[in-house]
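The values are calculated or read from the model by the stated rules, or taken from the named source; none is laboratory data. This structure is a prediction, so every number in the text was calculated from the model and none was measured. Don't worry about glycine lacking a Cβ; one is built from the backbone with ideal geometry, like all the others, and counts go over all protein chains shown. Protein only, heavy atoms only, side chains kept; ligands, DNA and RNA dropped before computing areas. Shrake-Rupley method; radii C 1.70, N 1.55, O 1.52, S 1.80 Å.
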Amino acid sequence: MQIFAITAEGVAATTKKTEKVRLVAEYFRSRPVEEAAQAAVFLSGRAFPAWEERTLQVGGALLWRALAEISGKGEIALTAAYRRHGDLGAAARDVLEKTAPAKGALAIAEVAVVFDELARTSVAARKLGLLQDLLCRATAIEAKYIIKIISGDLRIGLRESLVEEAIAKAFDEKPTDIQRANMLLGDIGGTLRLAAGHKLNQAQMRLFHPIGFMLASPVQDAEEALSYFVQAAVEDKYDGIRAQVHVGGKDDPRVRLFSRTLDEISQSFPELPPALRAFPEPVILDGEILAWNVDSAQALPFSELQKRLGRKTVSGEMIRTVPVVYMAFDVLYAGGELLTEKPLHERRKILEHVFAAVPKDGFTAEYSMAVENPQGALVFEPAIGEPAIGSSGTPRVILAPALTANSAENLEEIFTAARERGNEGLMIKDPDSTYTPGRRGKSWLKLKKELATLDVVVTAVEWGHGKRNKVLSDYTFAVREGDQLLNVGKAYSGLTDAEIAEMTEWFLAHTIEDGGFHRTVEPKIVLEVAFNNMMRSSRHESGYALRFPRIVRIRTDKSPEEIDTLDTVREIFSRQSVSRKSG
Ligand code: AMP
């Protein structure tokens, strides 16, 4: 553990990535493979390989107590050291330096054994004992890194991708092969073992262990999207929770759903696994969990889905009032084969086949298999003879419709239709792209455009800045609440010079109160304004403020009576504040 700690110190001391990689690669090469493999896990800031669900369950308070007691310095010295460093690991080194005899005989494997035991026990006193014993056997610098690993944050500027690079360098393998193996195994230590034996091609997909998600980059408009590829695969951008689904098929009843953070979320959506069991063969899908309007067969706003989140148990009542579906848009594994390296257009064909293999009504069967237990929670697969609660007839698993587009007009049309269906916008994908987990490239683009536009009335104006100092170009605008007008933002871009000149004349003639720089004007001019998002704000009477507002056009066709209301503002705000969640 001593050499590990010294290497980590070296890594922390340099800001150069190549130097970090060189140090770690050298360290890996110099250690026995098993030790290097365990160290690789620790160097990526984890106590256990990524795919494992075990956690240490050791909080800061417990660590603090263990340290305060074994250092013999008590709370005061520890607090002072913590203040100096802002990091408990570094503080530990300080307080232990003078007390701990430098033994330096602690092996990495021994640390791993204690981590196993810590994960296995839930008894706080036993955890404390294990921790104290481990820290007593460590030198000060070893204790520093043991604590950092336990806290899950090494803070030495070493991302997992750099550990991958170091493995590639140490064992003379291609970085892309290392990345692939690590993605499949979810285990950087296992990856190192394979690399050391030059057997990376043996990395096997593990069903029921999540792999990283492919991410999307934002684009401003349809033209920008098509600048990356000419022919586009287009799907609606659904506003729910991203989920990767692993299905065991007819010979394995297991179904597991994983969130974008790779946590298992099957428990939160108990009606989905039974429906997903309809796939006859093992499969991994990528998609979105959505709150669903069964009558209109459209997604409900995220705020509906949110009602179901963060609960320990999901009641039958909840399942009935907020129905959810799984909208599948990609397939990562089918036919016994990992598909991430196939282009999207091929994956899409396979996805369609996977759906075609499901018997009619397969995705609706689940609800009739559910019974309510005495606590009101739905339990699936009731014991034989127990009553069922009737089929909902709602398909719980849906294949996301996909279109193709090759012009901006085309994309605009599909975008408008997607918004009319209540979805956020579009996902525009390169049909030739492979599935690249964890990386945000230009193969998947998200087009959300403005959150929405609002029709507002101008209530006050100001002289502009710079070359606009002779025109009234800054407009404060309001929405309606009953017969009151409530300001909600201020915009100064979007109109042409000619329009601004015309507006200036009009506002000068229709000023109610001339405050010099600022003029209150007759609320007659209706504007359509776009904006990126909305905040709660005490600056305006409406209680909200638009961010980055810009004028889309002057709505001469609309009267001030027809402008948007505060209710619309509230609704847009709630839609957006929830659409941020899934990130
Ligand atoms: P954002 O959360 O704004 O970064 O947008 C990316 C997210 O959109 C993804 O992580 C998914 O959760 C979600 N999404 C919705 N519909 C799709 C789709 N058709 N394809 C890919 N991602 C989608």
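By accessible area, using a 1.4 Å probe on protein heavy atoms only, region 215-447 has 53% of its surface on carbon and sulfur. Distance between the pseudo-spin-label points of E9 and S537 (7 Å out from Cα toward the beta carbon): 5.2 nm. Sorting H465, H246, H345, H510 on solvent-accessible area from highest to lowest, probe radius 1.4 Å, gives H465, H345, H510, H246.
Mean residue ellipticity at 222 nm, helices only, the chain: -11000 deg cm²/dmol; runs of at least 4 DSSP H residues each add -39,500 (n - 2.57), and the sum is divided by the number of residues. Here the 3J(HN,Hα) profile of region 8-24, calculated from phi with Karplus coefficients 6.51, -1.76 and 1.60 at θ = phi - 60°, is 4, 4, x, 5, 5, 6, 10, 9, 7, 4, 5, 5, 4, 4, 4, 4, 5 Hz, Gly and Pro shown as x. Label point of A124 set 7 angstrom out along Cα-Cβ; within region 64-98, amide nitrogens under 15 Å from it belong to 64-67. Expressed as a whole percent, the accessible area of region 453-582 that falls on carbon and sulfur atoms is 49 (1.4 Å probe). The angle separating the long axis of helix 140-151 from the principal Cα axis of greatest extent in the chain is about 50 degrees. Sequence-ordered 3J(HN,Hα) estimates for region 259-272 from the Karplus curve with 6.51, -1.76 and 1.60 and θ = phi - 60° stand at 7, 4, 8, 6, 8, 7, 10, 3, 4, 6, 10, x, 7, 7 Hz, glycine and proline given as x. Any idea how far the Cα center of region 7-78 sits from the one of region 151-171, in Å? Computed from Cα coordinates, the inter-centre distance equals 11 Å. Only alpha carbons enter this Debye calculation for the chain, each as an equal point scatterer, and the log10 of I(q)/I(0) it gives at q = 0.09 Å⁻¹ is -0.92.
Using heavy-atom solvent-accessible surface (probe 1.4 Å) with all chains present, what is the largest-first order of L257, L309?
Values: L257 0, L309 55 Å².
Most to least solvent-accessible, the answer reads L309, L257.
Taking the longest Cα principal axis of the chain as reference, the axis of helix 344-356 is set at about 90 degrees.
Extending 7 Å from the Cα toward the beta-carbon at both E346 and V294 defines two label points whose distance is 4.1 nm. State the Cα centre-to-centre distance between region 291-311 and region 210-225 in whole Å. Each part reduced to its Cα centre gives a spacing of 24 Å.
Determine the equivalent ellipsoid of region 417-534 by diagonalising the alpha-carbon gyration tensor, then write out the semi-axes as square roots of 5 times the eigenvalues, largest first, rounded to whole Å. Kindly include the intermediate steps, with their values, before the conclusion.
Numbers: eigenvalues 308, 62, 25 Å².
With the √(5λ) rule applied to region 417-534, the semi-axes are 39, 18, 11 Å.
Candidates V458, I512, V529 compared by Cα position along the dipole of region 453-582: farthest toward the positive end lies V529, with charges placed on Cβ.
Distance from a point 7 Å along Cα→Cβ of K467 to each backbone N in region 487-504: keep the residues under 11 Å and list them by number. The answer is 497.
Can you compute the FRET efficiency between Q132 and K16 using 1/(1 + (r/R0)^6), with r the Cβ-Cβ distance and R0 = 41 Å? Round to the nearest 0.05. Working shown, then result.
Numbers: r = 38 Å, r/R0 = 0.92.
Given R0 = 41 Å and the Cβ-Cβ separation, E is 0.60.
Please determine, in degrees from 0 to 90 and to the nearest 10, the orientation of helix 74-85 with respect to the longest principal axis defined by the Cα atoms of the chain, where the helix direction is its Cα long axis. It works out to around 60 degrees. Entry comment: accessible area of the chain is 46 Å² per residue, from protein heavy atoms only and a probe of 1.4 Å.
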